[in-house]
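A short worksheet on the structure shown next.
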Amino acid sequence: MSSQPEPAAPHGAPPARPTLPRTFAAMLRDTWREFLDAKVLYLLLLAIALLFGTALTGRIEPQPAGRQYLDIAARTLAADLEGVDLASETLGDVAGRFNGAIYAITTAEPLTSDLPDGRWKATLTRTFVPVVGVAEPSEELASRFGRIADGELWRVEEITETGSGWAREIGSQTWEMTVAPGRDLRLLWPHRFSLFRDGVELAGTKGAPLGLEVLILQKLLTTGLGGTILLLVSVAVTAAFVPNMVRKGTLELLLVRPIPRWQLLLFKYVGALLLVAGLLGLLILATWLITGILAGIWTPGVLLALPSLLLFFGLLLSVSVLTGVITRSVISAMLVTVAYWAVLFIAGQMNNVAVESRIREANVGKMRPVSIADSLRGKQPRREEPLKPGRKPFYQTAVGRTAEAIYSLLPHTEDLDNLVDRQLMRDYAVAGPFRALMESGEFSWRRGIVLTLLHTATFLAIACTIFARRDP
Amino acid sequence: MVVSVNQLEKHYGVNRALGGVSLDVEPGTLFGLLGQNGAGKTTLIKILLGLVAPTAGEAFLLGQPVGTFSARREVGYLPEDHRLPEYHTSRSLLDLYGALQGLPRRDRSRRAAELLDLLGLAGREKLRIRGYSKGMKQRLGLAQALLHRPRVLFLDEPTDGVDPVGRKEIRDLLLEERRRGVTIFINSHLLGEVEQLCDRVAILRKGRLIVTGTVPELTRQKASWIVRFDRDPPASFHVPGTSLEAVDDSGTLRLVIDSIVTPAGPDGALDGFVVAAGAAGLRLRHLERERATLEDLYLRIAGEGGPT
Ligand SMILES: Nc1ncnc2c1ncn2[C@@H]1O[C@H](COP(=O)(O)OP(=O)(O)OP(=O)(O)O)[C@@H](O)[C@H]1O
Ligand SMILES: [Mg+2]
C-alpha cells in the first residue's frame, strides 16, 4: 500500500513549493493587518505626535550662573583632581586630595554675557594654609583651572600674575584671567525648562543643570513612562494574535499548508516583534529629536533604549505566545504576561534594595556618594552610617534573601534598563541616586542580554513544541 | 489510489472516533462520506490531511503517508465551521493562503480574481470578512480550497449556509473540477445533494464504515415496484421472496423484493411474481420501477442507535 502509482496532475503544472522568505513575508503581512485592525496603531501614532508637538512648545533657557561656576572652579583647585574619572567618583570621594592652598575668585565680570557661551574676566587669589608654602607657576594654574578630572568647565585664555614680593614667594598669589567656556560647561549650567511658551515651569525658576534635564526627559519618554505605556499597549494588542490563530476553524486552515508548524508560530512572533520595534523606534527617535531640538544635545546614548526595550518586549511576547498556545485565550495571555512583568519588576526592585544594602554595609565609614549635580548645588557629602545595633541589613533578612533567590532565577532584565541609564549618566555628566548601585559591578548588561535571550528562546521552544504536537 | 486507508483507528481519550476504517478512493472520483453527527467523518478527513495523528492503522494520500508536505502541496481543504480571520479582506486572505501554499505573487492575484469572480464574490474586495454573511464566508472558504489548483479536495459540508442558487453553482463548480481529474471528498448531511453529485458514497456509523458503493448500486439494493391489478389480490396471494403492501386506498400496491433472499436476483424475482399473478387470475394494469432514494438507505443504516 505504501507506494501507489500517482494519478496524473489534472492541471498540468507541478505544484508550487513554499519558500522560507515567501512564508515569512506572508506571515509578516498577516500580522501587520491584524495589528492595523486593532486600530490602536493610530492612537499610538497620535500620542507620539502629540508628545512631539507638546515638546516643541517647550523652551530650555540658560540662567545666569557664571560667577557661581567660576567659584566652583576656584574652589576645586584646592584638590588635585588629576586622572579622576567623574563617572565613577564623586566630589565626596576626592575631598581627601587637598593640596594645601585655598583659591578664590575676588572679582568677576562677563565680557559678553552671563550665559554658558560667554567669556569672563576674573581675579583669582591663592592663600596657603598654614601660611607658608611655595608659589604656583601661572601656566600650571591655567592648565588646572576649570578642569575637574575629565570634565572641563572653563578654559583659561589669558593669565597674568599681578602680585609680587615676599608674599608671592610663600604662595600668596593673585592673577588676572580671561576664561572661556569649557567643553562640559553647558551640560552643567542651570537652565530653565518650560512648556507651552513659558506656561508651565518644570525645573524651578533657578533651573537645573542642562544634562540632568535632558537625562530626565529622555528617560521619562523611553525606558520610563513613555516606553512602559507603549509596551503595555503592545502587550494588550499582541496578546490576541496567537489565541486568534489557534482558534478551532482558523488553525486548520493554516496547519494544512505544506510548511512546518513551528514556522507559523515563530513568524507570527517575529512579525509582532518587528511591529513593536517600529513603534519603539519611532518613540525613541522622537525623544532624540525633541531633546536635540530643545537643548541642542545630539548625543546618541538614548538610542540604546531601543535594543534594551525590544529585548524586554521580546521576552514578554514569548510569555504571551506560550500562554496563548496553551490556553487559547486572549485574556489569559494578557493577564499572565502582565503578571510576569509585575514579578520581574518587583523582584528586580527588591533585588536592587538588597544589593544596595550590601554595598552600604561594605562602605560603612566611607564617604557616601553624592551626585555631581547635587555637589554643584552645594550639597555636602556625608559619611555612611553603620546600622543601629541589632538591625540586620536587608540582604541578610529572610525577605531579602528570598528576593535575591527569586531574582537569580529570573532573566535579570534590570541589567538591560541599567545599560541605558548608565550610558545617559555618562553622556550628561550627571549621576542619579542609583549610580553607585549601577557602577557596583552587580550589574552586567552582557549577562542581562544573554539571560533574557535564553529565557525568551526557552519559552518559544516550549510553545513551538506544544503547537506542533497537539491535535487541532 | 488517491486515498488509501487501512484499519484506521482514532481514540480521543476513551472516546473512539474511528474504529478500524478501510477505504480506497480512485482518482477523479467525487466521493461522498455520510453519517450521523459524531460518526467520525471530520476525524477521518483530518487524519487524511495530516492534521490529526491516528491512534492505529495506516493512511496514504496520493501514495504518500499522510502529513507529508509533498502530499499537502496538492490538497485543498475546506474545514467545517471554519472561521476565516476577520481582519482580512477576501483578496488579502487568498493572498496569505496562496503564499503559504507557495504560489508566486502573480499567480496568487490572478487566481484570486478568477475564483472570486467564479464564486460570486467579485466587487466586495474591500470589505473585511467581519462584514461577510455566512454564505459569503462559505464561498470564500471554497475559494481558498481551490486556490492552488489541488489534485485532491476535502470539503467538509461545503454548501452549509449557501443559498439554493449558490448551491447549484457550487455543484457545477465541483463537477467541473472533477472533469479536470480532481478527486473530491465531500462530507455532507444533504443527501439529495450527495445523490446528485457523488460517484461513490460511504456511510459511517459510530466510527465504522457500514457501506460503500456507487449511488446506483446502493439505491438498487432496496428497489421496489409500484403495481396495480384490475382488482385487489386475495389475501392468500403470496410469492416467496417478495411482499406486497398497500400504498393508498385506490388499489395501488408496492411490491418489495428481498434481493438477498432471492437466488435469481431482483429481476428473476419480478419475473416469478408476474407469472404467479397471471396464474392467480390477476391482470396487471400498471408496473413501474420504484427507485429508493439515498435517504431511504441512510435512514435504514445510519440512524440505528441514534447519534453517537
Ligand atoms: N478534538 C477532539 N477531542 C475529543 N473528541 C473529539 C475531538 N474531535 C472529535 N471528537 C469526537 O470524535 C467523534 C467523531 O467526531 P467527528 O467530528 O469526526 O464527527 P462528524 O462525523 O464529523 O460529526 P458532524 O456531522 O457533527 O460533523 C465524536 O464523538 C467527537 O466527540
Ligand atoms: Mg464533522
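A few notes on this one:
- With a threshold of 19 Å on the Cα-Cα distance, the over-threshold entries among B:Lys41/B:Lys206; A:Lys268/B:Lys134; A:Lys219/A:Lys366; B:Lys10/B:Lys41 are A:Lys268/B:Lys134; A:Lys219/A:Lys366.
- Chain B: angle of helix B:105-118 to the longest principal axis, Cα-based, in degrees nearest 10: 40
- Average projection, convex hull of the Cα set of the range B:163-211: 3.9 square nanometres.
- Relative to its residue count, the range B:85-209 spans a Cα convex hull of 125 Å³ per residue.
- Three semi-axes of the equivalent ellipsoid, the range A:199-266, Cα gyration tensor, whole Å, largest first: 49, 12, 6
- √(5λ) per eigenvalue of the Cα gyration tensor, the range B:161-288, largest first, Å: 39, 18, 13
- Counting only protein heavy atoms and a probe of 1.4 Å, the accessible surface of the range B:3-218 is 47% carbon and sulfur.
- Accessible area, probe 1.4 Å, largest first, for residues A:Trp341, A:Trp298: A:Trp298, A:Trp341
- B/A buried area, accessible surface, summed, 1.4 Å probe, Å²: 4400
- Evaluated over the range B:3-218, the Cα radius of gyration and Dmax, each in Å: 17.0, 49
- Accessible surface for B:Lys134 stands near 120 Å², nearest 10, in the context of the full protein assembly shown (1.4 Å probe).
- Placing A:His412, B:His238 in order of accessible area, with the largest value first and a 1.4 Å probe, yields B:His238, A:His412.
- Here the simple spin-label model places points 7 Å from the Cα toward Cβ, and for A:Leu225 and A:Thr402 these points are separated by 3.3 nm.
- Averaging 1/r over every pair of different alpha carbons in the range A:126-276 and inverting the result gives a Kirkwood radius of 22.3 Å.
- Cα-based equivalent ellipsoid of the protein assembly as shown: semi-axis lengths in Å, sorted from largest, via gyration tensor: 90, 25, 19
- For the range B:1-108, taking the reciprocal of the average inverse distance between every pair of different Cα atoms yields a Kirkwood hydrodynamic radius of 15.5 Å.
- Across all directions, the shadow cast by the convex hull of the range B:60-145 built on its C-alpha atoms averages 5.9 square nanometres.
- Kyte-Doolittle mean at least -1.0 and Cα axial length at least 18 Å: DSSP H helices in chain A: A:20-37, A:40-56, A:225-238, A:261-295, A:305-327, A:330-362, A:445-469
- What the Cα convex hull of the range A:209-334 gives, in volume per residue, is 97 Å³.
- Counting only protein chain heavy atoms and rolling a 1.4 Å probe, the accessible areas of B:Ser236, A:Ser172, A:Ser357 rank, largest first, as B:Ser236, A:Ser172, A:Ser357.
- The relative contact order of chain A, computed from alpha carbon pairs under 8 Å that lie at least 6 residues apart in sequence, is 16 percent.
- The heavy atoms of B:Lys10 present about 10 square angstrom of accessible area, all protein chains included, probe 1.4 Å.
The values are calculated or read from the model by the stated rules, or taken from the named source; none is laboratory data. Keep in mind that this is a model prediction, so the values were computed, not measured. Quick reminder, even Gly has a Cβ in these numbers, built from the backbone with ideal geometry, and neighbours come from all protein chains shown. Side chains included, ligands, DNA and RNA excluded: accessible areas come from the protein's heavy atoms. Shrake-Rupley method; radii C 1.70, N 1.55, O 1.52, S 1.80 Å.
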